[in-house]
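Undergrad: Below you will find the structure I want to go over with you.
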Amino acid sequence: MKISEMQRRFPLLVAEFIKQAYAGGYELSFGEAFRTEEQQRLYVRSGKSRTMNSPHMDRLAVDFNLFKNGQYLTDGSLYRPLGEKWEALGGRWGGRFGVEPKDYVAKTGWDANHFEYRE
């Protein structure tokens, strides 16, 4: 699939994901979606990112801020229900980053608010 096709499919998956999040009693606000190469370099230098190959640069990832009952949730483990919904839609969830598959039930990775397209 061409990247332009993935970029057009990604917003549909995000829309479905957002509907499921709200149906489950969550609220979301957007974090970062598109990221320039310059911004990515800054993130890598400062340790906020570990790669220059970010799907944000291809418009294939989005970060969300999570709320429940009006409260901003910062604990990455609280993203798990939504991360699993995203994975069920076919996406890749940042809550798995840095975690061995055998530990997925008990541990949450370092980028739990990150949701990316997976072909």
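The values are calculated or read from the model by the stated rules, or taken from the named source; none is laboratory data. Being a predicted model, the structure only gives us computed values, none of them experimental. Every residue, glycine among them, receives a Cβ derived from its backbone with ideal geometry; neighbour counts consider all protein chains shown.
Residues checked against (1) touching a Leu at 6+ places or on another chain (Cβ under 7 Å); (2) closer than 18 Å to Leu13 by Cβ; (3) at pLDDT 95 or above; (4) part of a helix (DSSP H, G or I):
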| site | (1), (2), (3), (4) |
| --- | --- |
| Ser49 | no, no, no, no |
| Met52 | no, no, no, no |
| Asn65 | yes, no, yes, no |
| Glu87 | no, yes, yes, yes |
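Undergrad: Could you go through the range 65-72 and let me know if any residue there is among the charged types (D, E, K, R), in contact with a strand residue (DSSP E or B) (Cβ under 8 Å, 6 or more places away or on another chain) and under 21 Å from Phe97 (Cα atoms).
TA: No.
Undergrad: Going by the conditions given, is Gly109 in a loop (DSSP other than H, G, I, E, B) and on the phi > 0 side of the Ramachandran plot?
TA: no
Undergrad: From the list Phe17, Phe64, pick out the single residue that is under 12 Å from the mean Cα position of the chain (by Cα), surrounded by 12 or more Cβ atoms within 10 Å (Cβ to Cβ) and touching a residue at least 60 places away in the same chain (Cβ under 8 Å).
TA: On inspection, the qualifying residue turns out to be Phe17.
Undergrad: Let me confirm something: among Gly83, Gly98, Gly24, which residue is in contact with a Phe, Trp or Tyr (Cβ under 6 Å, 6 or more places away or on another chain), surrounded by fewer than 18 Cβ atoms within 10 Å (Cβ to Cβ), touching a residue at least 12 places away in the same chain (Cβ under 8 Å) and among the small types (Gly, Ala, Ser)?
TA: Just a single option satisfies the conditions, and that option is Gly98.
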